[in-house]
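Taking it in order: structure first as structure tokens, then the write-up.
The values are calculated or read from the model by the stated rules, or taken from the named source; none is laboratory data. Everything quoted here is computed from the prediction, not taken from an experiment. Glycine gets a Cβ as well: all are built from the backbone with ideal geometry, and neighbour counts include every protein chain shown.
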Amino acid sequence: MRSKKNIALVIIDVQKAIDHPSWGKRNNPGAEKNIERLLAKFRSCKMQIVHVKHESVNPDSTYRPGKIGCDFKKEALPLAGEKIFVKHVHSAFIGTELDSWLRTNQINCLLITGVITNNSVEATARMAGNLGYETYVISDAVFTFDKKDYNGILRNAEEVHAMSLANLEGEYALIKTTENILTMIDELQET
């Protein structure tokens, strides 16, 4: 049975790097505000929060350690005591102790937010689903950028986002909105 003790909010790669113009045009301009709202709710309910920080090994990456882009954005700044996992690849489960920490703390339900929908968010959600976690991706608290498809046709960020969520829905995760999740947490508070 789901309880507030076995749920974690997972915030992926919400760092200053993502604001660099080289990423191009994005969708979900309100994603950071929704992440802030979710963080506030989880903090007020004393629920588990996991921050995932990307430190790229690519010397040209906006996420390179030592550069300002590697710092967390103010909307997702961890507080003392909140768990931080540093990753160097797309999935938050590879090369980190995330899975072991979740299992040790008996957390089996993950609510995923962050960036990039079709990259680190999707990679982490797929692994979470495969590892047996009850996984939710919060559609309006994740975002992506315009991207060319395999045939070289430019797809706008909304299309890329929608296709990534479609890839996840039902197979690896359930797709919900911030409002859906806030309602779910309120209902858990009442039980």
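Residue selection: Ser61 fails the criterion of being assigned to a loop (DSSP other than H, G, I, E, B) and within 23 Å of Asp140 (Cα to Cα).
Of all residues in region 52-77, exactly one satisfies the criterion of being without any contact (Cβ under 8 Å) to a residue 40 or more places away in the chain and within 14 Å of the chain's Cα centre (by Cα), namely Leu77. Checked against the criteria, Phe85 counts as touching an Asp or Glu at 6+ places or on another chain (Cβ under 9 Å), within 17 Å of Leu9 (Cα to Cα) and either of a type in the set (D, E, K, R) or part of a strand (DSSP E or B) (or both). Only helices (runs of 4 or more DSSP H) whose full extent lies in region 101-191 are considered here, and the ones with at least 2 residues that are more than 29 Å from Arg43 (Cβ to Cβ) and not polar (S, T, N, Q) are 157-168.
Of all residues in region 9-51 being among the charged types (D, E, K, R), over 18 Å from Pro65 (Cα atoms) and in a helix (DSSP H, G or I), which is nearest to the chain's Cα centre (by Cα)?
Residues of region 9-51 among the charged types (D, E, K, R): 13, 16, 19, 25-26, 32-33, 36-37, 41, 43, 46.
Still in the running and over 18 Å from Pro65 (Cα atoms): 25-26, 32-33, 36-37, 41, 43, 46.
Subsequent filtering for residues that are in a helix (DSSP H, G or I) retains 32-33, 36-37, 41, 43.
Values: Glu32: 11, Lys33: 14, Glu36: 13, Arg37: 14, Lys41: 16, Arg43: 17 Å.
Once the filter is applied, the top-ranked residue is Glu32.
Within region 68-83, restricting attention to residues that are surrounded by fewer than 15 Cβ atoms within 10 Å (Cβ to Cβ) and farther than 16 Å from Ile35 by Cα, the residue that is modelled with the highest pLDDT is Asp71.
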